[in-house]
Amino acid sequence: MKHKVTFIPGDGIGPEVAKATQRALEATGVQFQWDTAIIGRQALEMFGTLFPESALESIKRNRVALKGPVTTPIGGGFRSVNVTLRQKLDLYAGLRPYKTYPGVHTPYKNVDIVVVRENTEGLYAGIEFAKDSPGTTKLAELVAQTTGDKIREDSAVSLRVISQTASRRIVKFAFEYARQNGRKKVTVFHKANILKLSDGLFLDTAREIAREYPDIEFTDTVVDAACMQLVRRPEQFDVLGLPNFYGDFISDLCAGLVGGLGLAPGANIGDDIAIFEAAHGSAPKYAGKNKVNPMAMMLSGVMMLRYLGEKDSAERLEKAIAEVIAEGKNVTYDLKLDPQDNTAVGTSQVADAVIEKLKQARK
Ligand code: NAD
């Protein structure tokens, strides 16, 4: 059976890592029918819209997409295509596994952490009020009337919204993931000592959900202390359930533990649609240079194979990637002890090496 998958190359380094991943996935022998879709700046130039309806329709129809990173300008310009995509399709769970593969230059050896990040609300809900806008004035009046607090006239405001509904489903997702994948513990990070109402709600909801999973240990930690503990003893963590904002920076911290963004895969998952994409962005300075590591996206491809029920092929592809890392020969600059090491290979050569490992395993 051919799996129908929407293929979004993205921009910047996107097309290179996406192509490398597509080749590696096809080399597993699994059959795909790729449906290519363009979104973001490139789509704006080509079709006059960031989200051509056809791209969204394709994802909705196929229910599975493999996506390269898409650039978002900082400050002004358009709103993040990635955030909008997650919101439009209600891909509420950001799933990011981080583990140390033998051969990676990192002081940490036994990291095996799965970050489950709430994707749709919190500080990144995108509800913002500009300085000197009528919205900010009204909000300041409302706050003054209801809490007595003063918002300075020259403020810009971003709302941080935490709902019980979104908290419940993300924590449930974390526990379900733990149960289905033989994991032992779910930990939530929060700042309920300061953000008593919003993070307090998240924590209370998590405690309530935890009671439904007596077979899985539940712990909670204040997010700042958790950062320190992650760096000191990451092996103590298993599955993490996190509000959106914390999930964002804890993900990058975890990527640092296991060897960097070049090894950080991910997926954004809703009730019946999933988009698989690396945690990293479009790294524009490396675009078109055949330079960056495609393994984060390839490992996202491994996650996609598992999601599609192709478990055996997923294991084989992950093993092939792990072998290339362990050999340390056909790896990109970021996996070399010295990033200037001129024996580092390019993106497409990594794909060649992974494909060769897959071929050898078949013999
Ligand atoms: P980035 O992740 O693109 O790159 C930061 C640095 O990390 C790079 O300069 C590079 O040194 C390193 N890096 C990233 N990916 C790598 C790889 N595969 N191999 C080796 N090294 C790698 O972060 P940024 O520069 O903050 O963001 C660039 C753009 O990407 C922004 O417009 C941002 O909004 C966007 N972005 C998109 C997504 C997405 O599409 N899901 C995610 C994050 C950022």
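The values are calculated or read from the model by the stated rules, or taken from the named source; none is laboratory data. Nothing here was measured: the structure is a model prediction, and the numbers come from that model. Here the Cβ positions follow ideal geometry from the backbone for every residue, glycine too, while neighbour counts run over all protein chains shown. Surface accessibility is based on the protein's heavy atoms, side chains included, excluding ligands, DNA and RNA. Shrake-Rupley method; radii C 1.70, N 1.55, O 1.52, S 1.80 Å.
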*Share of antiparallel DSSP beta bridges in segment 1-148, in percent to the nearest 5?*
45
*Counting only heavy atoms of protein chains, what accessible area per residue, in Å², does segment 269-357 have with a probe of 1.4 Å?*
42
*Globularity ratio of the chain, using Cα Rg and 2.2 N^0.38 Å*: 1.02
*When the chain is fully extended, how far beyond the present Cα-Cα distance does K60 get from R23, taking 0.36 nm per residue of separation?*
10.9 nm
*According to a simple spin-label model (label point 7 Å from Cα along Cα-to-Cβ), what is the distance in nm between Q145 and V222?*
3.5
*asked:* Run the helix sum for the chain: -39,500 (n - 2.57) per DSSP H stretch of 4+ residues, divided by residue count, reported at 222 nm to the nearest 500 deg cm²/dmol.
replied: -13000 deg cm²/dmol
*asked:* Cross-link candidates for K109: which aspartates and glutamates have Cα within less than 12 Å, leaving aside residues fewer than 8 places away along the same chain?
replied: E235
_Can you tell me what share of the DSSP beta bridges in the chain is antiparallel? A percent to the nearest 5 is fine._
40
*Carbon and sulfur atoms: what percent of the 1.4 Å accessible area of the chain do they account for?*
52
*Looking at segment 126-231, send over the antiparallel percent of its DSSP beta bridges, to the nearest 5.*
25
*Within segment 244-299, list the chymotrypsin sites (Phe, Trp or Tyr not before Pro) lying in a DSSP loop whose Cβ has at most 15 other Cβ atoms in a 10 Å radius.*
none
*Ranked by accessible surface with a 1.4 Å probe, highest first, in what order do S158, S80, S54 come?*
S54, S158, S80
*Please give the residues of segment 303-336, grouped as numeric ranges, whose backbone N is less than 17 Å from a label point set 7 Å along the Cα-to-Cβ vector of D272.*
308
*With a 1.4 Å probe and every protein chain left in place, tell me how much accessible area T146 has, in Å² to the nearest 10.*
100
*Could you work out how far the C-alpha centroid of segment 313-352 sits from that of segment 181-241, in angstrom?*
34
*With each pseudo-label sitting 7 Å past Cα toward Cβ, what's the K363-T84 distance in nm, one decimal?*
5.0
